[in-house]
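*Asks:* Below are the structure tokens for one structure; questions will follow.
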Amino acid sequence: MGLLRSEAMAHGTLILPVQDPKKYVDKIGKETSVQFEDMNAREMRRPYRKYVQRIEEMERILRFLFEEMGKVEGCKVTRNFISEFLEADASDQYQLDSLELELQQLYENFVKIKDNNAKLVEERNQSVEELMVAEVALRIFQGGQQVAATSIGSGEESFEVSAKKPLIGKDDVGIGRLGNLSGVLLKADEARFTRALWRASSGNVYSQFFNVDDKVIDPKTGATVAKSVFVIYFQGEAGYLHGKINKVCQAFGANMYTWPGEAQQAQSRYQTLNRVLEEKDKALAGFQKHMQVEAADLLAPSSANANGNSKIEDWRLFCTKEKSIYSVLNLCQEGMTLRADIWYPAADEAKIQTLLAETNEGLQQQAILCPDRGNLHRSIPPTYIRTNEYTEAFQEVINTYGIPKYQEANPALLTLVTFPFIFGMMYGDVGHGSMLLLTGLFLCWKAESFRFSMPAVFQARFMVLSMGVFATFAGFMYNDFFSIGLPIFATRWVDPDGDGHYTPDYDVKNSGGTGPYPFGVDWVWEGASNELLYMNSLKMKLSVLFGVLQMIVGVLLRWSNAAYEKSSLDFICECLPMMVFMLCFFGWMDVMILYKWTHPVDTTPSIINSMICMAMGQEDLAPMWDGSVQLAQKLMLYTVCAVPVMLLPKPFVLLWQHNKTQEQKSKGLLAVDEEVGGHGGDHGHGEEFEFGEIFIHQIIETIEYVLGTVSHTASYLRIWALSLAHQQLSQVFFDKTLKMGLAVPAPMNGVVIYLMFVAWFGITVGVLLGMDVLECFLHTLRLHWVEFQSKFYKSNGEKFMPYNVRTLLEQAED
């Protein structure tokens, strides 16, 4: 039915053969729009659960492979070729069993390779750490340089003396009097390790820490960590102190290595470890080459899809598709056949039947679609609104507030125009609107590059383009170009005396003479002393005019809902009095605004004063025309009478209908099934009728509409407020940057203007093209959600969620 109302939906039962139901679901997901209902929700039976578990295991393996390939340099997976994948999948390129076997083999190979690599890395780390210890020992024994140390002993000797004096060896102390432990520790744990040693030994140890430049790769995380070498000296080569220190080292995860006894031993150990380290590096380099070869095969396109995704990406998409198919089959009721209740657009029934017939060719057991006749189902039909790339973003704005009720008037049809138009009224400026328009054109030009990388931007590109168009149009109406007036046409104001006092050069009484400025606001108003007063009055009245017009359209859509549902009660008791209230009060205000603009009046009347006199029943001493006061009084009477018509009749009519239904039921003239929902409308009284609740509900709706209409009319003044703020900000930014630069005398004016332009452009982009666009967008959104949609929109529908393979794959890409 288009955008105004959702598609007519049909309900039916899909019967699938148990031999190969997957083929039918695959075809349905690729070529039609069908929503499956859960037939096993109560029993929680999932006949194809094992298949789903198998595919989930395959997806786990794929995630593992993606993670491992991400560690290899230069590996880039080719993605986003969904159409090419679907074409290859149509030829049965991939089979679940064969792919599962291949993935398991790959997983086993990659796990072995990963374990071997982890072992190599660990061995290399041990060699590097032991090399660090040997290097530090060699430096100490040779006395080549001083190293930073931390003493937690008694401190009787200075470090410079103790560092150069042998602690273990053939000296005056003797042999075997001091023990030592050395190893490598995380640099971040040095302070905690020192405190733990102090507490464990009661200060009876001497420790040294040495910073090293080499960093070690953690085999588990792959991250590089900084470590330092430590040496701990204590009394006695063995004993309880040795055991305590060893436990502290183990608690901190320190790797322990033997401290060389002399310089020659350190030198020999250092040379041996260097050779071992070179061998380990060669082994790791060979591993990287092997991983690149393995990854290259997975990154290359498959033979049947040479211009598509990488092979591993096609596998991932295939698993996603297969998992979705078996998830749909889990919704079916199992028996001799598989049965599933489905919703589908009524217009697509012939297409679905044709698809099933084509798939059934040559098969003994066939799939059948059995449409329901006579609306035997009790569930509420889902809401399905067909959209295209242009209308999708606007429909998403409506759906964010709430899904339209089934075949309720959809606000998106009018939002396509009113949303960018009201935004343009707030943001009206030729310069800023053109920049926003160029942004929209760029997004449309580069749309495909944003489809998967930034899907929200891709979806909103046409909305940005529309807002830019209307903002530019409103800028021409306001004649505002970066706060400067554009002399497109000759002005209709003249300054005969040259003193700055302008007089109109057109027929102000509209008696057939020269007309006013042809399009928009005359550019001579820019810079006038009363410019702000004039523009405020103009924009304020424009805001009220379009606001009341949009609310009237909202009430008209309420009329259309009542007419479509054939509810004469809602039409007479709600729609008509609502329209009378709106037209007789606020419509009259709009008439006075337009009359004052188009008709010369000798005694300038005040519209606000006329509205106050109309509402309070006072005499208006400055009428618009002869007889306008009497007309206003009659309209006010109609306005007041519309309120009780909205409030009282409907609850009593519903009570009468309910009593009549009960009377017929007691006489056996009405079946029980016909009574359910017989009262119609959304009043919450389908099976149980509570007159008190209905009456209270009607009181709330009446008060909400009467008071809401007043507050909503005032709320539309935000259009004027945002437009004024935008204009004043633009003028301040221009006056304080470019205008000041133009006033600088030569030769410095060139440099100053350049700098001022950079400042002006940065502020314009940051504030007016960033914050102000967002602000105007949010206020426009509020006017549509609250002021407009509250007049007719129930938003209590359920969205149609068809099984669609392409949509699922696109979401999987995100």
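*Asks:* Which ones in the stretch 763-781 are loosely packed, with under 14 Cβ neighbours inside 10 Å and touching a helix residue (DSSP H, G or I) at 6+ places or on another chain (Cβ under 9 Å)? Lay out the reasoning, then the answer.
*Replies:* Restricting attention to the stretch 763-781, the residues satisfying the condition of being loosely packed, with under 14 Cβ neighbours inside 10 Å are 765-766, 770-771, 774, 778.
The one that is loosely packed, with under 14 Cβ neighbours inside 10 Å and touching a helix residue (DSSP H, G or I) at 6+ places or on another chain (Cβ under 9 Å): Val765.
*Asks:* For the stretch 611-635, enumerate the residues that are open to solvent by 40 Å² or more (accessible area, probe 1.4 Å) and part of a helix (DSSP H, G or I).
*Replies:* Ile612, Ala615, Met616, Gln630, Leu631, Gln633, Lys634
*Asks:* What are the residue pairs meeting all of these: first residue in the stretch 299-315, first residue aliphatic (A, V, I, L, M), second residue open to solvent by 40 Å² or more (accessible area, probe 1.4 Å), Cβ atoms under 6 Å, and 6 or more apart or on different chains?
*Replies:* Close Cβ pairs (under 6 Å, with a partner that is open to solvent by 40 Å² or more (accessible area, probe 1.4 Å)) amount to Ala304/Gln93.
*Asks:* Given the conditions (1) touching a residue at least 60 places away in the same chain (Cβ under 8 Å); (2) in contact with a strand residue (DSSP E or B) (Cβ under 9 Å, 6 or more places away or on another chain); (3) over 17 Å from Gly797 (Cβ atoms), report the number of the one that Asn360 does not fulfil.
*Replies:* With (1) touching a residue at least 60 places away in the same chain (Cβ under 8 Å); (2) in contact with a strand residue (DSSP E or B) (Cβ under 9 Å, 6 or more places away or on another chain); (3) over 17 Å from Gly797 (Cβ atoms) applied to Asn360, the lone miss is (1).
*Asks:* Another one. Among the candidates Tyr390, Tyr344, Tyr384, single out the residue that is of a type outside the set (Gly, Ala, Ser) and more than 30 Å from Arg461 (Cβ to Cβ).
*Replies:* Tyr344
*Asks:* Here's a follow-up. Quick check on Ala447: is it modelled with pLDDT of 95 or more, over 30 Å from Ala8 (Cα atoms), under 25 Å from the mean Cα position of the chain (by Cα) and open to solvent by less than 40 Å² (accessible area, probe 1.4 Å)?
*Replies:* Values: modelled with pLDDT of 95 or more: no; over 30 Å from Ala8 (Cα atoms): yes; under 25 Å from the mean Cα position of the chain (by Cα): yes; open to solvent by less than 40 Å² (accessible area, probe 1.4 Å): yes.
Judged against the criteria, Ala447 is not a match.
*Asks:* Which of the residues spanning the stretch 432-442 are small (Gly, Ala, Ser), more than 23 Å from Arg718 (Cβ to Cβ) and in contact with a Gly (Cβ under 7 Å, 6 or more places away or on another chain)?
*Replies:* Gly440, the sole residue that qualifies.
*Asks:* What are the residues in the stretch 58-72 that are without any contact (Cβ under 8 Å) to a residue 60 or more places away in the chain and either of a type in the set (A, V, I, L, M) or touching a helix residue (DSSP H, G or I) at 6+ places or on another chain (Cβ under 8 Å) (or both), if any?
*Replies:* Those that are without any contact (Cβ under 8 Å) to a residue 60 or more places away in the chain and either of a type in the set (A, V, I, L, M) or touching a helix residue (DSSP H, G or I) at 6+ places or on another chain (Cβ under 8 Å) (or both): Ile61, Phe64.
*Asks:* Output the qualifying pairs, or none if there are none: Cβ atoms under 9 angstrom, residues six or more apart or on different chains, first residue in the stretch 739-756 and under 23 Å from Gly527 (Cα atoms), second residue of a type in the set (D, E, K, R) and open to solvent by 80 Å² or more (accessible area, probe 1.4 Å).
*Replies:* Cβ pairs passing all conditions: Met756/Lys736; Met756/Lys739.
*Asks:* For Ile325, all conditions in the list (1) surrounded by fewer than 20 Cβ atoms within 10 Å (Cβ to Cβ); (2) β-branched (Val, Ile, Thr); (3) under 28 Å from Leu103 (Cβ atoms) hold save one; what is the number of the exception?
*Replies:* (1)
*Asks:* Note down all Cβ pairs under 7 Å where the first residue falls in the stretch 506-526 and is modelled with pLDDT of 80 or more and outside any loop (DSSP other than H, G, I, E, B), the second is open to solvent by 70 Å² or more (accessible area, probe 1.4 Å) and hydroxyl-bearing (Ser, Thr, Tyr), and they're at least six residues apart or on different chains.
*Replies:* Once the first residue is modelled with pLDDT of 80 or more and outside any loop (DSSP other than H, G, I, E, B) and sits in the stretch 506-526, its partners that are open to solvent by 70 Å² or more (accessible area, probe 1.4 Å) and hydroxyl-bearing (Ser, Thr, Tyr) give Val524/Tyr502; Trp525/Tyr534.
*Asks:* When the residues of the stretch 272-298 are filtered to those that are within 30 Å of Pro260 (Cα to Cα) and in contact (Cβ under 8 Å) with a residue 40 or more places away in the chain, which remaining residue is least open to solvent (accessible area, probe 1.4 Å)? Steps first, answer last, please.
*Replies:* To start, the set of residues in the stretch 272-298 that are within 30 Å of Pro260 (Cα to Cα) comprises 272-284.
This time we only want the ones that are in contact (Cβ under 8 Å) with a residue 40 or more places away in the chain, so: 273-274, 276-277, 280-281, 283-284.
Values: Leu273: 7, Asn274: 51, Val276: 46, Leu277: 28, Lys280: 44, Asp281: 62, Ala283: 40, Leu284: 33 Å².
For the stretch 272-298, the residue satisfying everything is Leu273.
*Asks:* Name the single residue, out of those in the stretch 95-111 being surrounded by fewer than 16 Cβ atoms within 10 Å (Cβ to Cβ) and aliphatic (A, V, I, L, M), that is nearest to Arg316 (Cα to Cα).
*Replies:* Result: Leu101.
*Asks:* For the stretch 528-569: of the residues being in contact (Cβ under 8 Å) with a residue 24 or more places away in the chain and in a loop (DSSP other than H, G, I, E, B), which is nearest to Ala412 (Cα to Cα)?
*Replies:* Glu565
*Asks:* Let me ask you something else. Would you mind stating whether Ser529 is open to solvent by 30 Å² or more (accessible area, probe 1.4 Å) and at pLDDT below 95?
*Replies:* yes
*Asks:* Can you pull out every residue in the stretch 626-667 that is within 52 Å of the chain's Cα centre (by Cα) and on the phi > 0 side of the Ramachandran plot?
*Replies:* If the condition is that a residue be within 52 Å of the chain's Cα centre (by Cα) and on the phi > 0 side of the Ramachandran plot, then no residue fits.
*Asks:* Separate question: Going through the stretch 19-53 one residue at a time, which ones are at pLDDT 90 or above and more than 15 Å from Ile342 (Cβ to Cβ)?
*Replies:* Result: Lys22, Lys23, Asp26, Lys30, Tyr48, Arg49, Lys50, Tyr51, Val52, Gln53.
*Asks:* Under the condition of being touching a residue at least 12 places away in the same chain (Cβ under 8 Å) and either in contact with an Asp or Glu (Cβ under 7 Å, 6 or more places away or on another chain) or open to solvent by 60 Å² or more (accessible area, probe 1.4 Å) (or both), which residue from the stretch 573-595 is nearest to Gln633 (Cα to Cα)?
*Replies:* Leu583
*Asks:* Just give me the residues in the stretch 782-814 being over 30 Å from Asn80 (Cβ atoms), among the basic types (Lys, Arg) and open to solvent by 20 Å² or more (accessible area, probe 1.4 Å), in sequence order. Break it down stepwise before answering.
*Replies:* Taking the stretch 782-814 as the starting set, the residues that turn out to be over 30 Å from Asn80 (Cβ atoms) are 782-798.
Okay, now just the ones that are also among the basic types (Lys, Arg), so 782, 791, 794.
The answer is Arg782, Lys794.
*Asks:* If you don't mind, there's one more thing I want to ask. Out of (1) surrounded by 17 or more Cβ atoms within 10 Å (Cβ to Cβ); (2) touching a residue at least 60 places away in the same chain (Cβ under 8 Å), the odd one out for Leu724 is which?
*Replies:* All conditions are met except number (1).
*Asks:* Right, next: Do we have Trp760 as of a type in the set (Phe, Trp, Tyr), surrounded by 13 or more Cβ atoms within 10 Å (Cβ to Cβ), modelled with pLDDT of 90 or more and within 20 Å of Gly431 (Cα to Cα) here?
*Replies:* Against the criterion (of a type in the set (Phe, Trp, Tyr), surrounded by 13 or more Cβ atoms within 10 Å (Cβ to Cβ), modelled with pLDDT of 90 or more and within 20 Å of Gly431 (Cα to Cα)), Trp760 qualifies.
Yes or no, residue by residue, for (1) open to solvent by 40 Å² or more (accessible area, probe 1.4 Å); (2) in contact with a His (Cβ under 7 Å, 6 or more places away or on another chain); (3) farther than 19 Å from Thr359 by Cα:
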site: Glu7; (1), (2), (3): no, no, yes
site: Val25; (1), (2), (3): no, no, no
site: Ile28; (1), (2), (3): no, no, no
site: Glu43; (1), (2), (3): yes, no, yes
site: Tyr48; (1), (2), (3): no, no, yes
site: Met69; (1), (2), (3): no, no, yes
site: Thr78; (1), (2), (3): yes, no, yes
site: Glu84; (1), (2), (3): yes, no, yes
site: Ala90; (1), (2), (3): yes, no, no
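*Asks:* Another one. Considering the stretch 386-408 alone, what residues qualify as being surrounded by fewer than 23 Cβ atoms within 10 Å (Cβ to Cβ) and part of a loop (DSSP other than H, G, I, E, B)?
*Replies:* Passing the criteria: Arg386, Thr387, Asn388, Glu389, Tyr390, Gly402, Ile403, Lys405, Tyr406, Gln407.
*Asks:* Shifting gears a bit: All but one of (1) buried (at least 21 other Cβ atoms within 10 Å of the Cβ); (2) among the hydroxyl-bearing types (Ser, Thr, Tyr); (3) under 30 Å from Thr383 (Cβ atoms) hold for Thr320; state the number of the condition that does not hold.
*Replies:* Against the list (1) buried (at least 21 other Cβ atoms within 10 Å of the Cβ); (2) among the hydroxyl-bearing types (Ser, Thr, Tyr); (3) under 30 Å from Thr383 (Cβ atoms), Thr320 comes up short only on (1).
*Asks:* Which one of these does Gln19 not meet: (1) out of contact with any Asp or Glu (no Cβ under 9 Å at 6 or more places or on another chain); (2) open to solvent by less than 30 Å² (accessible area, probe 1.4 Å); (3) more than 15 Å from Glu313 (Cβ to Cβ); (4) of a type outside the set (Asp, Glu)?
*Replies:* (2)
*Asks:* Take the stretch 409-418 and flag every residue that is open to solvent by less than 10 Å² (accessible area, probe 1.4 Å) and in contact with a helix residue (DSSP H, G or I) (Cβ under 6 Å, 6 or more places away or on another chain).
*Replies:* Passing the criteria: Ala409, Pro411, Ala412, Thr415.
The values are calculated or read from the model by the stated rules, or taken from the named source; none is laboratory data. Predicted model only: the values in this text are computed from it and were never measured. We place every Cβ from the backbone using ideal geometry, glycine too, and count neighbours over all the protein chains shown. Heavy atoms of the whole protein, side chains included, go into the accessibility calculation; ligands, DNA and RNA do not. Shrake-Rupley method; radii C 1.70, N 1.55, O 1.52, S 1.80 Å.
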